[in-house]
Structures are given as structure tokens and as C-alpha cells.
1. Nearest 0.05, what FRET efficiency do A:Arg193 and A:Asp41 give at R0 = 41 Å with Cβ-Cβ as r?
2. Cα axis of helix B:122-134 to longest principal axis of chain B: angle in degrees, 0 to 90, nearest 10?
3. What are the residues whose amide H is under 5 Å from the amide H of C:Glu249, where those residues sit 5 or more places off or on another chain and H is modelled from the backbone?
4. What do you get for Rg/Rh of the range A:62-134 when both radii come from the Cα atoms and Rh is the Kirkwood radius?
5. Can you tell me the equivalent ellipsoid semi-axes for the range B:64-201? Use √(5λ) from the Cα gyration tensor, largest first, whole Å.
6. To the nearest Å, what is the center-to-center distance of the range B:1-49 and the range C:23-43, using C-alpha atoms only?
7. Residues in the range A:163-207 near a label at A:Asp103, defined as backbone nitrogen under 18 Å from the 7 Å Cα→Cβ point?
8. Determine, at each q value in 0.09, 0.10, 0.11, 0.18 (inverse angstroms), the log₁₀ of I(q)/I(0) that the Debye formula gives when each Cα of the range C:134-256 is one equal point scatterer.
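What follows is calculated from the coordinates using simple rules that are stated; it is not laboratory data. Since the structure is predicted, the reported quantities are computational estimates derived from the model, not experimental observations. A quick note on method: Cβ atoms are made from the backbone with ideal geometry, for glycine too, and the neighbour counts reach across all protein chains shown.
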Amino acid sequence: MQIVSLTTDYGSKDYYVAELKASILNGKNDFYIIDISHEIDRFDIVQAAFFLSNAMPSFNEGSIHVVAVNCNYKRKSEYICFEKQGHYFIGPNNGIFSLIFNDLKSEEIFVISPPDNGNLSVNSIFSHAAAYIGHGLPLAEIGEPVQHFNTKLVIQPVVTSNQIRATIIHIDHFENVVVNLKKDQFEKVRNDRKFELYYKPNDPITFLSKDYGDVAIGDALAFFNASGYLEIAINMDKASSMLNLMKNEMIQINFY
Amino acid sequence: MQIVSLTTDYGSKDYYVAELKASILNGKNDFYIIDISHEIDRFDIVQAAFFLSNAMPSFNEGSIHVVAVNCNYKRKSEYICFEKQGHYFIGPNNGIFSLIFNDLKSEEIFVISPPDNGNLSVNSIFSHAAAYIGHGLPLAEIGEPVQHFNTKLVIQPVVTSNQIRATIIHIDHFENVVVNLKKDQFEKVRNDRKFELYYKPNDPITFLSKDYGDVAIGDALAFFNASGYLEIAINMDKASSMLNLMKNEMIQINFY
Amino acid sequence: MQIVSLTTDYGSKDYYVAELKASILNGKNDFYIIDISHEIDRFDIVQAAFFLSNAMPSFNEGSIHVVAVNCNYKRKSEYICFEKQGHYFIGPNNGIFSLIFNDLKSEEIFVISPPDNGNLSVNSIFSHAAAYIGHGLPLAEIGEPVQHFNTKLVIQPVVTSNQIRATIIHIDHFENVVVNLKKDQFEKVRNDRKFELYYKPNDPITFLSKDYGDVAIGDALAFFNASGYLEIAINMDKASSMLNLMKNEMIQINFY
């Protein structure tokens, strides 16, 4: 049973997700569909890339990941597919995939040709590509290599020898605060030194925890989470509202 | 693999949808269930009919569509099923289906007899009917033809030779504004004339777009959407709040 | 096809549920997953127990119920599994299961040993246990019997010979008000007497209805719902906000 994941900004109330699922199963009816999220903020391909790249390692090789974000049908839109790290990806050529993989080459990305039935809807094109991949057909025959692969820049931390300034990129359901800093980058700059992590006018956090249980209930902590990102949290409470930390704000780490 | 779609007003938080799904799979365990929506406004069969009739064309023939809206169990309630356009429908006899099909005949609609296990819950009755259909048994044997098929009136646009007054029937997740006017009705009245579409005290829209990309980002447009309805939208923004257009309000189109 | 149900406090927006599902299907890919709820209030194992115990009777024997509530990975956390009433349960040893079954014995509950791949994430442990059960292997070999089974107390009604004081434990999507009183306990105290059910400064309800249709639209009623609990509702309206009844408040029933 092959898995198809869906990441969309369609929302959960309307019938749009159902149309997409029914279309995909019309193309090949033994897929198992897993929703990654349909609550991506409208048109927010950065958030979509963050969600999909974090969720992807939990999926088996051979999984097909469909992204429909900022994907309203326009006649000029291009839809692409490619294979990477044993997974397949289908979605719009709007930059979303450049935010997940920084080494994609145009010649390995294919523009999905319209299906034989002439239906040019996004759902029809995605269903066509998923069925094509599901049947094990070679990607190179689904369409021409992309002429212009759209890329977007990922916001990176600002790094000097003694300081990292990073950005809050996500507040999750538990109001944990996720920062765009990965462990290896942190450790490289840290170089076994002490550090002070400043967030708002609070006392800095000066050590890394391993998990929530390392501090008392109600205390703030910082650790690298399961997805590899720096996370500021409060054990059993809501860091974002308690510490007044919002998406897109900066945090600063000084090493000494 | 046969698909069962669900359209309910049960909400996504409670365990009610899970009970319904488990019941349906108890009846026949190789169905594939697709959620159309569980966020139908409480008791709102008009919205349910709008969602299901729009989503239905994406489903394969043979699909079974279960509707549980305004469907709290009452001993006097009747649950019905029928086949139409190659699809099967199961739900309450409360008018919902008359809003989807205007040519249903009582003799082709059957009241679902209670299952042999005597369980009279809505879930049990729906599970019984879905399994029955899934096994390919004739609908005429699931129960007696309905004596009184409940019907509701669909709100229609008010049409004169030079004017259409139509109603906003849905605001979607993207805050696109959907109007109860279909393309053929519009074109018939238009008869190749010019038009002015008035919505609130704004400058009228005087041409139809093909898709969102036909106007600049931030500009309003009108077009007939994938479901065939007139839609007022803003390219990459929220028409409902930006233009202050709410459900049930009127828009007016003058032809000249 | 074996069913795995999921009850979590992960929310529906993030990618956490997708990770859990993908992990479970990685372990054994022919499960059919049914979401009970991902909107359990953060860390609220009482609500999770309420949802799962109510939904469970709709599931076939052999179903596997995974609970991930108040389950953030901590190195000291223990994850357990057991079989009860023909169903299988997997989740944290945090008291949730003592709220569903009051007669669980430590010797029939097993601490899930880490999987061979050494992955200690919650998802990996749950996936390992589900696959293990799905393959029909004996629970006793999945790990050692639990040393200390965590238990929590269920809030019970306060009962005297002529009075029951009970607590509102849930407000559902329809704003029906659910009280922690089951029919048999009520009838035992009632003993064929009359009663007055007081809720806020309203006129008491003095009779039990069978279903919503027993009173006029807009009128309040009380009945024992499909899950066996006392429910205070308004026919076709929202009891919680109309009657100003909130979770954790008391209602009082006098018998005479």
C-alpha cells in the first residue's frame, strides 16, 4: 500500500480536500492518504515547507507527497514532480520545493503534462501524476524537464563568531516556540563555550535541556526538538503566550 | 475499493465522527472513507447540500454518500437511501436531498428498515444501509418506498429581462464569495450584452475573469468557479472581509 | 483489516498527527486508522478517557486504541499496553487508562520495550507496539509487567438517599451538556420516585425525555444519551450558552 501525503492551505471546513482525495483515488484506488495539514496559513509556502520537511522522515520511502499551497488554478501555473531521497513530490512550481531541498536540479524536475482527458484542474493534474508514479512509470515520461525552477530563499540565522540571532518560525499547538536554528549550527558556533539565550526582557536561558521533564512544571527551557530545531518551551504550559513570544520575532544567543 | 463519503454537522472535536466511521466499517470493512466535511453549520441542510453536490462530481460512480446533518436521533425520524447518477445516498428524510436533486421520485427512494440486530441508532442504520449497498444488494429490498419525501426550496436568483439579483450562499476558507448563480443562467439573461455587477457601494465589476491570475494582486474579480457558481474574489486576498460581503447578502447584475 | 484508533492532544494544524500515522503504518501497513479526536484539551487525560470510553463500543473487537495525551516525550516516561474486553490499548502510564477501566491489574499491563532500532520517540514506541499486536504476538512478550500502574480518581456524583449532586463533564459540539451520572445510578437512587433536576436558577426539569423530539423546539430537556450519560439539552439549540451551563459546574437532583 503506497502512501500519499497531503499538505494544503484548503482548510478543513470546505469540500476542497474531499475533491482532491476523491480525484487522487480515481486515478489509482489503492493509495492510503495521510493528511499532513490542511491548515497551512493561506498561500504560506514557507510554513508548508517547514511542515512537510519535518514530517517527511516519518514516511516510508516510496511515499508520494502532494503539496497544494498557493496553488489556485491559473492558466499560467506550472505543476511539477520529482523524486528525492526515495520520496516523490508533486506540487506547484512556486518555490515551495526549493525551501525543502536546496540542491534540486532543473533536469530532475518534470512539468506534469495535462492528462489525456484534457481536464486541466489542479486536482486532475495531481491525480494524474500520483497515479503515474503509483504505477511505477518513469518520471521522465510524465513531461518535459522544467525550464525555470522557481526558488525562494530560506530565512537563515545571522551568525557571528560570538553571537547567533535567530528567528521564531513556528508556534505549535502546545504554544511551543520553534526557532530556525538547528543543533549542528548551534554547536559549531558554540564551540564548547557557555551561552546566554535572550528572549524578550527575561532572564536568559543558559543551558540546554534534553526534554520537557528536565525543568520543574511551569519553568521555561530550551532544547533541540525531534525535528532538530531549537525550541523554547514551558513544561506543561504555553510558552508563546506566557513568554509573549510571537512568530517572526528574533531571539539572540551570546557565547562567551 | 468502494468509497464512502461523510458530510456531517458533528464537528471535529467530539468522538461522534469516529463512532460513525467505526460503525460503517463494522458493517463492511473494506470501505475507504473520505470526509467531505464535519464542520457543516449545525442543522444547516442547505450548506450540506451545497457541499455534497459540489464535491460529488469528483467521486467515482458507485460511491456511497452518507449525510448526517440535522440528524439527531428522534424516534419519529426516517432515514432514506436512493441511487442517482450512479452514486448512492444515505441520510435523513429532512429535505437535504431535495436540495441536491430536483427530480427525485418517491418511488425510487427507500426508507431504511432497522437492522436485524435491533439497534436503532443513526449510526447503526447508516452502517446497515452502507453495507447493504456495498454488497450489491438491490435497494428495493432495503425497505419500503418512502411515503412522504420531504422537500425544501432552494433559494433562486430573482431574474428579469435586464437584471439578476442573486444571493451570497457561501464564504469559503479563502474568503472567496460564492453566489447562487450558475453560468448558463447568467449567459441566458446576458444574451451577449454588457453587464455591471454591483456588490456593496463599490465600483461594479464589468467583465468576467477566467481565473485569479487575470487581475493584479489585490484586485477584485468575478468568474465562474470550478463548481460552476459565480464567485467574487480578490487575487491573493480575502474578498469577504476586504469587500465586506457576508453570507445571505444580495448582489445585483444589470445588463444593457 | 484491523483498525487503529487515535486519541491525542496534538491538534489538527501541526504535522504531529501525520508523523504518528506514518510511523504506525511503517510498522504494519495494512492498518486502517480512525481518528477519535486530536482536539483533546492539552494534557487533559480525563477528557481523553471520556472520549475513548464512549467511542470504544462502536469499534470491533480486535481494534487497537492508541492514546497520545499528556505524552510529550520525557526520558522517564513509561508507555504501556494491555488487552481489555477484546480491545487493545497503547499509551502512556499517566493514569489515562485507570479512568477508563477501574479493574485493571498490573500483571496484565506491559511496559513496551524499546524497538530493536533503538528509536525511543513516542511514535516509534507506539508503532512498535501496534505492529506487534497487529501481528498477533503475545502481549506478555512485548515487555515486563508494569511495576507501578498510575491511577487517577474519577470524579463521582455525590449521592445521599434523597439527592444526587453531579458534575458537568463535557459540553459537546452542539452545546449539549453532559453530566457524570449514568442511568443505572440515577434509577437506583430514584427508586420510582419523582424528581426535580436543578440547574442554575431555572425551573427544574421534572421528567426524563427519550430524545430531543420529545419537547418543543427551543425547550430544555434531560435524557440519558447514547453513551449512557445524563444530558441536558435544548431541542435544536445550544444548551450550554442558552442556559449558561459550563463544564465543571454542579447540577442537583432532588427525589421525593
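1. Numbers: r = 37 Å, r/R0 = 0.90.
Working from the Cβ atoms, E equals 0.65.
2. 90
3. C:Ile168
4. Details: Rg = 11.7 Å, Rh = 12.5 Å.
Rg/Rh for the range A:62-134 comes to 0.93.
5. Numbers: eigenvalues 301, 53, 35 Å².
So the equivalent ellipsoid measures 39, 16, 13 Å along its semi-axes.
6. 17
7. In the range A:163-207, the label zone of A:Asp103 (backbone N under 18 Å from the point 7 Å along Cα→Cβ) covers A:184-185.
8. -0.34, -0.40, -0.45, -0.89
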